1. For the stretch 1-151, which whole percent of the accessible surface, found with a 1.4 angstrom probe, sits on carbon and sulfur atoms?
2. Short version: what are the Cα gyration tensor semi-axes of the stretch 156-273, square root of 5 times each eigenvalue, largest first, in whole Å?
3. Report D for the chain in µm² per second (integer): Stokes-Einstein, Kirkwood Rh on Cα pairs, 25 °C, 0.890 mPa s.
4. Give me the 1.4 Å probe accessible area per residue for the chain, excluding ligands and nucleic acids, in Å².
5. Relative to the Cα centre, what is the charge dipole magnitude of the stretch 188-243, using +1 at the beta carbon of each Lys and Arg, -1 at the beta carbon of each Asp and Glu, and rounding to the nearest 20 debye?
6. For the stretch 220-287, state which GluC sites (Glu not before Pro) are in a DSSP loop and have at most 14 other beta carbons lying within 10 Å of their beta carbon.
7. Rounded to the nearest 500, what is the chain's calculated 222 nm mean residue ellipticity when only DSSP H runs of at least 4 contribute -39500 (n - 2.57) each, over all residues?
8. Just how much of Ser144 is accessible, in Å², when a 1.4 Å probe is used and the result is rounded to the nearest 10?
Amino acid sequence: MTDQRLNQASEDGKFHRQSAQFRSSIGDDKYPAEKGRYILYYSPVCPWAGRTLIFRKLKELEGVIDTVQVSEYIGTDGWFFTGTDGSPESDPRYGFRTLKELYHMVDPNYNLRFTVPVLFDTKTKTIVNNESSEIIRMLNSGFSSVGGNDLDLYPELLRSEIDEFNELIYHTLNNGVYKTGFAETQEAYDENVYKIFETLDYVEEKLKGKDYVIGDILTESDVRLFVTIARFDVAYFTIFRCNLRMIRYEYPNIDRWYRGLYYNNPAFKETIDFDLVKRGYSKTRFLPVPAGPIPAILPKSQ
Ligand SMILES: N[C@@H](CCC(=O)N[C@@H](CS)C(=O)NCC(=O)O)C(=O)O
C-alpha cells in the first residue's frame, strides 16, 4: 500500500469505508474476560475510537483495559506513535513505531487499512476486534465478571429503537461526514452533504425537550451521536466542508443535548481533546490548522 494519507477516495471519487476484518468477541473460548489482558489502541481524532473510550469510562473499566494512543493524523504508513500529547514514542510492549507493525505481527498478510480502534489481546498477541460498534457492546456487557459497573447502554427493551436510530445516523451522519469530506468529485459531495443536514434536522426534532436520544436514559445511541456532533463545528463544518449549518447556531436542541453530556459527564468531556481533533483533521486535507470556531464549545449556559 502506498501513501496512507492520500488514498481515501476510490477511483469513482467516492469514499468507501472498508469492513473491519477482526471480528471475534470477548467471551469466546479464546478470549475470556480478564483484567489487564486486553488493550485498546486509539487515535484522539477518530470518532469510532472515541465511542470505545467513552464506553470504557462510562463502564468504569479503566482499571481493567489499558489504552495506547497513536497519532492524531495518518502518516505515510498510517497511524504512528508520536511521543507527544499522550502518545508514547513507540508501542509500549513491542517497540513498534507504527500501528501497521502491530497488524503485521498479528497477520503478516494483512493488506487493508490499519484502522483504529483495535482491541488487542496481549496473551495470544492477536487482534480480538477492530470494529467499534462491536467493541462497545463488549465493553457494555463482556467484562462484567472482572470489573466495571452495571450500567446497561443497550437495554433489552430499547434495542429495536436503538438499532433503528444507529442505522439511520450511521449512513447519513457518522459516515456521511466522511463521504462528504473525502469526496473528490462534485457529484460525490452533492450526493452526501444534503443528507447530513436532513438527518440533523430529524435529530433536532427528536431531541426537543429531551436530554437523551432514546427514551429518557443514556444509551449507546447518545454515544454514537455524540462523537460525530463533538467534531462537527470544529472539523466537519470547516475541514470536511459539511458547511450548510453549524450545530451551535442552528441546532439548539442538539446543542443543548451535546453540551449537557459534555459538561455533566466526565466520560464525554475527558475523552475528547478539541485541539488534537482539529490538528488531526486538518492534516487529512493538508489545510492549515483552522483557527475557528473559537471557543471549541460554547459555555454551559448562554
Ligand atoms: N468500522 C471501523 C472504522 C474505523 C475507521 O475507519 N477508523 C479510521 C479512523 S477515523 C482509521 O483508522 N483509518 C485508517 C486509515 O484510513 O488508514 C470502526 O467503526 O471501528
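1. 43
2. Semi-axis lengths for the stretch 156-273 are 24, 16, 13 Å.
3. 124
4. 44
5. For this selection, approximately 140 debye.
6. Of the GluC sites (Glu not before Pro), the ones in loops of the stretch 220-287 whose Cβ has at most 14 other Cβ atoms within 10 Å are Glu270.
7. -11000 deg cm²/dmol
8. 80
The values are calculated or read from the model by the stated rules, or taken from the named source; none is laboratory data. Since the model is a prediction, treat every value here as computed from it, not as a measurement. Here the Cβ is made from the backbone with ideal geometry for all residues, glycine too, and neighbour counts use every protein chain on show. These accessible areas exclude ligands, DNA and RNA; they are computed on the full protein's heavy atoms, side chains included. Shrake-Rupley method; radii C 1.70, N 1.55, O 1.52, S 1.80 Å.
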